[in-house]
Amino acid sequence: MMESNFRGKIGISYKDSEPDWLSPPSSDGASNVLVVLLDDTGFGNLGCYGSTIETPNMDALAANGLRYNNFHVTPLCSPTRASLLTGHNHHAVGMSTIVDGGDAGFPNRRSRVSRHAAILSEMLSEEGFATFALGKWHLNPSTQNSAGGSHEEWPLQRGFDRFYGFLPGATDQFYPELTYDNHPVSPPKTPEEGYHLTEDLVDHAIEFVNDLKAMRPETPFFMYFAPGAMHNPHQAPKEYIDKYKGRFDEGWDVIRERYFQKQTELGIIPNGTRLPPRNPGVQSWETLSQNEKNFVCRLQETWAGFLEHTDAQIGRLIEHLRAIDQLDNTLLILTADNGTSQNGGPYGVMNIGPSPLRNAANNGQTVGGKTGRALPEEDFDAIQEKLDDIGSPHSYTDIPWGWAQVGNTPLPWYKQDTHAGGVRVPMIIHYPPAIKDAGGVRGQFHFVSDLAPTILEVLNLQPRSCYRGYDQMPITGTSMAYTFDDRDCPTQKPVQYFEMMGNRALWLDGWMAVTRHDPDDDYNDDEWELYYLDEDFSQSNNLAKTEPDQLKKLIERWWVEAGRYGVLPLRSGLPPRPTTAEPDSLTYHFVPPMARIASKQSPALEQGNWSLTAEVEILPETEGVIYAQGKSLDGFSLFIQNGTLCFVYNALGQTISGRSTTTLPNGRITVGAAFKPADDGTGTITLTEDGETIGSIQIPDATRRSKMRGVEVGRNRHSPIAGVSPFAFTGVIHFVDICVELR
């Protein structure tokens, strides 16, 4: 079939034919675009926003660009990313909350970005830009994170030319679950060889730019750089963590006050701003024991070291752009996806998971709709000898509420909340061709959906009505480019609603109504607060009782906006699952060679009893891993060594191992391992050969299995569990079958 738009003439030969040359899209000479999106980084965390943590490279961007102190996002990562990349409100494009819950059966919660809302990579690729994504994606259903796909919502299928990063919402910084373009890969080095994810991401970002400029030097690029920082786990090179030793010993009350004073001096908050009291559940520093203080200070030292290390890596990327004369020709936007996280609970977390140092959801005290529990002193006594492990490959830490509130200074509440601590974040724009007020602060109200139209306006591009065959919803964000020249002009943003898991808010004409929703309450029973932000930057003066008419007006407008942008139906918990018959068991069949299976696709061993059966061929010298699940911190490995079947189980650093009492015969045999928990929380692993018991291992604590995710068959090169990497199997594995009996 001939091209429908061919304008030439086709004759018998070239002599009586007229060519019509294809004209590929080109934006040669246009500015580059670099969006740096930090994770879980609240308003006060950067040095140029008041922090005492050293962030010289981000501070330099602010000194030569603009800082915004009234910029807002959604309270969670996936929705913010969807809104940033499309220019739409997150519900309207199917991303009401994070993708992990899956499709809820309604348009506002599809766990994927609607094709009727093109993302920037799709828009700009059609204008001749090279498009790169690096770091966290978290915009496809988590059930599709494996090499087997579906790849439909992966970065390359959404307009990016190249991708290097990780698909889920978080990953280990030393042993990440990496994806390169459309396939999983292993990290190029080990932690012992100096590996860290953020450094690896910057290495590839520089490589992508160099590859482009070597062959197409006039072609501009759009780079979306989203490191894992500052989401848990907080992990960084030890020298960065140790640098902050003792710097937070005065406690979160003193440090928060120090941030607040610095913010006033920097002019990043208005004079007269009040520092709100501690959030409910945050203890006075003086009430903590010394061991508690030691623990939470080390968590914060690690957080600070992680941020400074991230700043240094961003600085490497910036310096490379400067060295190749591309920095001043790049529209650079740096912001965060939500405020500092509250997931560490009141005391912080040594290892994310159901451990003693974990915010518990049972038998606890309810704090503002969140639940925590007091911890016995002996837990903190036991952890003292492991403080130096915090931030290393052998930890998976998160900070407590006290330090999270410091990071959100001077704003109340946290990530997940629609109060300012969850939704107002730092935002820096660096673009010398258009910004002459270097170091200026802008106070106009704006929302994350405003970034896409800002980018398009700076590039002098109009969004198309159709991308890739899909008619497009009109972009609803408001360009911020008007703020570049005028510090004091009024905002052009008309109104903005917020909603996350039932928490709601609405901004209109300087006023904000906001409520925190308890999942057990009726939405009509929620207690709304009212603030006049133009005179109350930190949401310190609740006017709900003195301005009831204004509050009613905003609440009614919230419902209007909710209807306009597809916010309904509201749901505060996980989505309902499709109605199907409940199985009695889950079965898995693995045939190597195969890529590492991502966390979300791993056998759900925590669901009940499980058994593993592997058919292998061995000789006297055969050794190596048959099956490994999890990682060195939480995981197990079944392997052959010295002619015996061996099993190693590691739960939060406690290693239990055992082996068969007999030597395995040569040839094709069936080996296995079966787990059965006991009522007292212990468990037993039974080893078998051709159905006969050949050994057993007692597990003293079998309650810590929920984080044993990520599977390797025939090797264990990813965070080795048995301490030998990769310990590849030297025989033949025909298959590995796993059956999990559901409770």
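With an 8 Å cut-off on Cα pairs and a minimum separation of 6 or more residues, tell me the relative contact order of the chain in percent. Present the calculation step by step, with values, prior to reporting the outcome.
Numbers: 1734 pairs, mean separation 116.2, N = 743.
In percent, rounded to a whole number, it is 16.
Of the cross-linked pairs Lys436/Lys552; Lys436/Lys493; Lys243/Lys386; Lys238/Lys676, which ones have a Cα-Cα span greater than 30 Å in the structure shown? Where the Cα-Cα span goes over 30 Å, the pairs concerned are Lys436/Lys552; Lys238/Lys676. The length gained on full extension between Thr655 and Lys9, counted as 0.36 nm times the residue separation minus their Cα-Cα distance, comes to 225.0 nm.
Over region 41-147, what is the relative contact order in whole percent, taking alpha-carbon pairs under 8 Å and six or more residues apart?
It comes to 18 percent, rounded to a whole number.
Once the other residues with Cβ under 14 Å from the Cβ of Ile324 are scored (Lys, Arg +1; Asp, Glu -1), what is the net sum?
Working: positive: Lys213, Arg216, Arg316, Arg322; negative: Glu207, Asp211, Glu218, Glu319, Asp325, Asp328.
Combined, the nearby Lys, Arg, Asp and Glu give -2.
Within the chain, which complete DSSP H helices have Cα atoms spanning at least 18 Å along the helix axis and a mean Kyte-Doolittle hydropathy of -1.0 or higher? Display every interim value, and only then the final one.
Working: long enough: 197-215 (28 Å, 0.20); 252-266 (21 Å, -1.20); 290-323 (48 Å, -0.59); 548-564 (24 Å, -0.97).
Membrane-span-like by this rule: 197-215, 290-323, 548-564.
Less than 13 Å Cβ to Cβ from Asp471, Lys/Arg counted +1 and Asp/Glu -1: what total charge do the surrounding residues give?
Working: positive: Arg115, Arg464, Arg468; negative: none.
Here the count lands on +3.
Based on every Cα atom in region 34-89, Rg and the maximum pairwise Cα distance Dmax equal 12.5, 35 Å.
Computed over the Cα atoms of region 496-564, pair by distinct pair, the Kirkwood hydrodynamic radius stands at 12.2 angstrom. Which one, Thr622, Val202, His90, projects farthest toward the positive side of the charge dipole computed for the chain from Cβ point charges (K/R +1, D/E -1)? Toward the positive end, the furthest listed residue is His90. Within region 612-640, name every residue whose backbone N is under 17 Å away from a label modeled 7 Å from Cα of Val591 along the Cβ vector. Only 613-617 pass the distance filter.
Each residue of the chain gets 193 Å³ once the volume of the Cα convex hull is shared out per residue. Taking other C-beta atoms within 10 angstrom as a stand-in for reagent exposure, Tyr523, Tyr164 fall in the order Tyr523, Tyr164, fewest first.
For Lys189, the aspartates and glutamates whose Cα falls under 15 Å of its own Cα, not counting residues fewer than eight places away in the same chain, are Asp172, Glu177, Glu199, Asp200, Asp203.
Of all the Cα-Cα pairs you can form in region 163-299, what percent are over 22 Å apart? Roughly 60 percent, once rounded to a whole number.
Hey, what D do you get for region 414-454 in µm²/s if you plug the Kirkwood alpha-carbon radius into Stokes-Einstein at 37 °C and 0.692 mPa s?
Values: Rh = 12.3 Å.
Translational D for this selection: 266 µm²/s.
With the Cα gyration tensor of region 585-741 in hand, give its eigenvalues times 5 under a square root as the equivalent ellipsoid semi-axes, listed largest first in whole angstrom.
Working: eigenvalues 92, 59, 45 Å².
They are 21, 17, 15 Å, listed largest first.
No value in this document is a laboratory result; all are computed from the given coordinates. Source: prediction; values computed, not measured. FYI the Cβ positions are ideal-geometry reconstructions off the backbone, even for glycines, and counts take in every protein chain you see.
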